[in-house]
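Here, each number is a calculation from the coordinates, and none is a lab measurement. Owing to the predicted nature of the structure, the values given are computational and were not obtained by experimental measurement. So basically every Cβ, Gly included, is an ideal-geometry build from the backbone, and we count neighbours across all protein chains shown.
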Amino acid sequence: MRMTRKEFLKTVGIGLPALLCAGGGLCFGQSRGEDIRGEIFRKDAPAKPWKWSVEGFYYTSDGKNVQCQVCPNLCLLEPGDRSVCRSKVNIDGKLYSLAYGNPCSVHVDPIEKKPLHHFYPGTSVFSIATTGCNLRCLNCQNWEISQKKPEEVQSSELFPRDVVRESLRRESPSIAFTYSEAITYYEYMVDTARLGREAGLKNVLVSNGYINREPLLELCKVLDGANINLKSFDDRLYRALNGGTLQPVLNTLKILHEQGVWLEITTLVVPTYVEDPEMIKRMCGWILKELGPDYPLHLLRFSPQYRLTRLPPTPVATLEQLREVALGEGLRYVYLGNVPGHQGCHTTCPHCRRLLVERNGYLLKQVHLNKGHCKFCNHVIPGRWSQA
Amino acid sequence: MKRHLKVFILWAIIGTGVSSIAVQLATVREFLSQFHGNEITISLVLFSWLLLTGLGSLIAKVFRRSSVTAFTLLSGLLAFWPLPQLILIRYFRESVFVHGASPGFNQVFFYILATIAPYCLLLGFILPYSLRVLNERGENFTSGGLYVTDSIGDITGGILFSFVLVYSFTAFVTIAVTSGLLILVVLLLFLVFRRFVLFFFALVCTGLFCLFSLNSHFEKLTLSPQYGEILRYVESPYGRIVISKEGTQHTFWESGTPFYSDADIVNSEEKIHYALSQLEEVRSVLLVSGGLGETLLEVSKYAPASVDYVELDPNLTRVAQELGLIAQSPSLSIIHDDGRHYIKTCSKTYDAIVVDLPEPDTFQLNRFFTSEFFSLAKKALQRDGILSFSVDYSPNYLSEIQRSKLSVLYNTAKQHFRNVLILPGEKAYFLCRDGELWTDVPARLALKSVMTSYLEGFYHGNVTQERIEGLQKKLDPKAPANTDFEPKIMSALFQEWFTKHGSSPKVFALVTLGLTILYLIFLRREEYVLFTTGLANMGVEMLIIFTFQVMYGCIYLKLGAIVTAFLMGLLPGAMFGNLFKGRGLIPFIVSEIILFSLLVVFYVWISFSEGDISQYYFLGYGFAFSFFCGYQFPLAVGLIGEKESPAAGCLAADFTGAAVGTLATGAILIPLLGIQMAMIFLILVKISSNIIVLFPRGRTAS
């Protein structure tokens, strides 16, 4: 049947705007979501597990569908599906992690870089990451690995025992699970940390804290320190900028505290979003009430990253103001990050107000601590310190 | 009354031309400031513009009756709408997208399409509709005449914008000035045709239009959702400069992206000390952009005898000096010139050239990262002098795209310098020198007693020997070199842009291709030729825009001049074509052969010419090419016959071809495959239309 010109014009006239509206609606819906949480990748799993796979430690199964129990996303995967974090897949009714023994980032860093200021300062930490993240932060610094599947990157082969061996060989007293999101390679982390502890190494988690209670409790058994990124104190912001929710992160902080894991908290001060003094005040009030005044809080300066490139860096004055708010609320150790040479990088004794640790970047210029006590007034400075 | 009607409508068409071309250019500049200011954005705006205008012309084809009042009302709407359009583009950006986030390809495309649709559909509709108004009232006015009249307006608007308005006026004022004629004609039409209520309504609208468009405070207000508190706002010929204030901090924005903020110690120290610490003695330094804030203070630690700071836009340094963000020093000279042009023409040689520019994702920036530029820079360096530049880099993982980008740059620099070192700091810093290069920067600084806030304490934790060597090992020795006309870096950066936003232009490209094929099936032979001519015309225009950008840089300024040159060719071409109308197929075939030959000439010219070509040649070529495009239009209409396919069909073919040409060359071929490949594509398209004209088969009008 041949279409006449008139019919064609009508078709184009109706069809094109309809197509444009549909496309536009889809695109704008994606771009201005109140909630940017990730989605499950349907039918995206490999046909069978690969060399760097292990069966998941925490999941439920009805023999066909599985549900990952590691993080609050609770991904319900039909056969062939891939989780939000891109690391877990349902193959034949079993949940597998594809991120086991295949780190894409392996470096030795100063422990201060994590940042951890009260955890064996001046030492180095063997740092590893595989791909994946359970959140979708618009300002992710490591998006090239956090927003990728394990098959999409170049990886090294380092199974847990190799990680421990390498860490010892490079004389790093700690192993850090960092860079992307350690919770997405939970199984690899737990097995490595277990072997690390047996070898006398310390284990450090650098994470968004988006994890469920049971797996976290298991992890805490082999964890020594953690830096948790508390991205804001507003559930709406968590949904809009990070694709997560606030409460699970707060739960994580409480559990780490209860389990005796050394904890430091990081908050990136994003201009126009995470810079409201009232919000920081509420956040510090919560920390004080639930965790106490002794855990360090790191307020970091934002610089444009990933998709959030049209915001200015955080004004230093804003960071200083928020630091004052946090100290005023009763937190004892509040540090400023990404502001080289600032006084807010040093540690002072909350009792005698003397300078205890003077930092120049990652270098320690002065340390006036004696086995975790202030050298001047003998006040106990909380943290994990070298006994030398 | 009837006599008046023709005069008024002709003036309305001219007024529409004046206004529409200025609105188009102002809209392109607005989107460059709202989104990623690269070639893809330019192409998407022009593509959407042409597509929607073509669709508007098609809609006009459906209407069988016309009315003078409706025409006047629509013309009035066309005159006033550009102001709300710009305001909506600014406001909707903040409500549709996440504040501070850069959207991906699909979002940008649909946003452009949605915001300019009302204006472009109306614009496309009104031209053939005006013809219908005239012809239904016994005026014998042809499509060719319409084309010529519209072109007069377009050229006037283009000249006004490019040579007057762009230098001194903001977007709102530009729109007010260029809409003036159309508004006047609309008011007179209502008055002469005794539509007094509508006249008073239009008068009120005119008052409001002037009130808002000429009020600089109001214009600044429309930008504040994006920038926050605005301290200064300069609509410079080179781009939009905004200085915002966050507490005590100043942030400089160029075309919507922050490029400098106070207390940027890390960037200042890395870019200066990585390079200068390598030298035994620092006597003369050339900074190519990036001289604000702490940068000059860091340079002064080496006490050089002279520091030359080249910045393209004088507005930028003027405002920075007023705010005290350029450290005063007797050794400092500020030069307002294109950095590459300055390096090419300066007689002075330097110990160090420090290039501090954003990512090379446009031709304008790419030309500072090419083999041709490195060759020029080497000549401007003292013996054993150093060139440094940087690109974004993820310190914890080197993706395949990043690897490709760094490898291309490394291999390109290696063609000119004996030693090239990449220091993986916050960015990847390239140090290029024939002399020795040291990796232990803090040791070099200590040797020179240079104190720093960042490098001393952070360098060994961030730029470890392991990271330096690891990066070096991962580079691909077979990666191709980056050149002016084959911008390998740009294609890597576009891939990165798509990856970052999880969007791919594939679906869009396939849908466009499908719709184009569907459209082509229904075209007459002559309409197809017009389609290919429109395609080639816009394709060549895009090629000239980008070639121009490669050679001279300042496209933001010259965009209007190029567009005007093309418009200026269309008018005499169309008039000339009218003379040959009705003389059969031969003049039409001749035009085809000439257009094809001109494409071949351009290809040879670009491929084999050495050195920069005078910009006047480009403008002259644009004029000549569009002359023959314009010449062809009335011939095709004459062959088809006014009744068989009135203006709408031919205009739609021309617009659609132009839209496809813009997209194919500007968004796909030029950025991904280079200028020569884009040229070959245009030649092939014109060969196809040559074949159809010379060996006719199937549907034809004659």
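A few points about this structure:
- Kirkwood-Stokes translational diffusion coefficient of the stretch B:377-443, alpha-carbon pairs, 37 °C, 0.692 mPa s, µm²/s: 260 µm²/s
- Cα gyration tensor category, rounded, prolate or oblate, for the stretch B:334-484 with a/c compared to 1.5: oblate
- Shape category assigned to the stretch B:225-366 from the gyration tensor of Cα positions, a/c cut at 1.5: prolate
- A Cα-only calculation for the stretch A:95-203 places Rg and Dmax at 13.4, 40 Å.
- Rounded, prolate or oblate (a/c below 1.5 giving rounded, otherwise prolate when a/b exceeds b/c) for the stretch A:324-388 by Cα gyration tensor: oblate
- Solution diffusion estimate, µm²/s, Stokes-Einstein, the stretch A:191-301, Kirkwood Rh from C-alpha pairs, 20 °C, viscosity 1.002 mPa s: 147 µm²/s
- Of the DSSP H helices in chain A, those that are both long (alpha-carbon extent of 24 Å or more along the helix axis) and hydrophobic (Kyte-Doolittle mean at least -0.5) are A:5-31.
- Square roots of 5 times each gyration tensor eigenvalue, C-alpha, chain B, largest first, Å: 50, 29, 20
- Acute angle (nearest 10 degrees) that the helix B:82-96 long axis makes with the longest principal axis of chain B, alpha-carbon atoms: 50 degrees
- B:LYS478, A:LYS221, B:LYS301 arranged by Cβ crowding within 10 Å, fewest neighbours leading: B:LYS478, A:LYS221, B:LYS301
- Calculated on C-alpha atoms, the gyration radius of the stretch B:223-267 divided by its Kirkwood radius gives an Rg/Rh of 0.97.
- A:LYS281 paired with B:LYS448, simple spin-label distance in nm, labels 7 Å along Cα-to-beta-carbon: 4.8 nm
- In terms of other Cβ atoms within 10 Å, A:HIS117, B:HIS416, B:HIS36 run from fewest to most in the order B:HIS416, A:HIS117, B:HIS36.
- Its Cα centre serving as origin, the stretch A:35-189 has a Cβ charge dipole (Lys and Arg +1, Asp and Glu -1) of approximately 100 debye.
- Normalised convex hull volume, the stretch A:238-312, alpha-carbon set, Å³ per residue: 105 Å³
- Gyration tensor over alpha-carbon atoms, the stretch B:19-137, equivalent ellipsoid semi-axes in Å: 30, 14, 11
- Cα-only radius of gyration and Dmax that characterise the stretch B:78-179, units Å: 17.5, 56
- Using the empirical formula 2.2 N^0.38 Å as the baseline, the Cα radius of gyration of the stretch B:414-495 reaches a ratio of 1.30.
- Charged-residue dipole, Cβ positions (Lys, Arg, Asp, Glu), chain B about Cα centre, Debye nearest 20: 2580 debye
- Taken over the stretch B:34-92, the alpha-carbon convex hull comes to 92 cubic angstrom per residue.
- Approximate shape of the stretch B:133-280 as ellipsoid semi-axes (Cα gyration tensor, √5λ), whole Å, largest first: 48, 22, 10
- For the protein assembly as shown, adding -39500 (n - 2.57) for each run of n ≥ 4 DSSP H residues and dividing by the number of residues yields -16500 deg cm²/dmol at 222 nm.
- Here, chain A yields an orientationally averaged convex hull projection of 23.6 nm² when only Cα atoms define the hull.
- Tail weight of P(r) past 11 Å, computed on alpha-carbon pairs of the stretch B:345-387, percent: 66 percent
- Charge sum, other residues only, whose C-beta stays under 13 Å from B:PHE655's C-beta, Lys/Arg counted +1 and Asp/Glu -1: -2
- Over the stretch A:186-251: Rg over Rh, Cα atoms, Kirkwood Rh: 1.06
- Share of alpha-carbon pairs per 10 Å distance bin for the stretch B:282-351, given as whole %: 21, 55, 24, 0
- Cβ-to-Cβ counts within 10 Å put B:GLU372, A:GLU112 in ascending order as B:GLU372, A:GLU112, the fewest first.
- Here the dipole of the stretch B:465-526 is about 220 debye; that uses its Cα centre as origin and unit charges on the Cβ of Lys and Arg (positive) and Asp and Glu (negative).
- Test item: A:295-308 mean partner chain Cβ contacts at 10 Å: 3
- Here the spin labels are modelled as points 7 Å beyond Cα on the Cα-Cβ line, and at B:VAL507 and B:GLU136 they lie 4.1 nm apart.
- Think of chain B as having a plus end and a minus end, set by charges on the Cβ of Lys, Arg, Asp and Glu; of B:VAL96, B:ILE606, B:ALA652, B:ALA652 sits farthest toward the positive end of this dipole.
- Neighbouring Cβ atoms from other chains, within 10 Å of the Cβ of residues in B:495-505, number 2 on average.
- Taking one quarter of the surface of the convex hull spanned by the alpha-carbon atoms of the protein assembly as shown gives a direction-averaged projected area of 45.6 nm².
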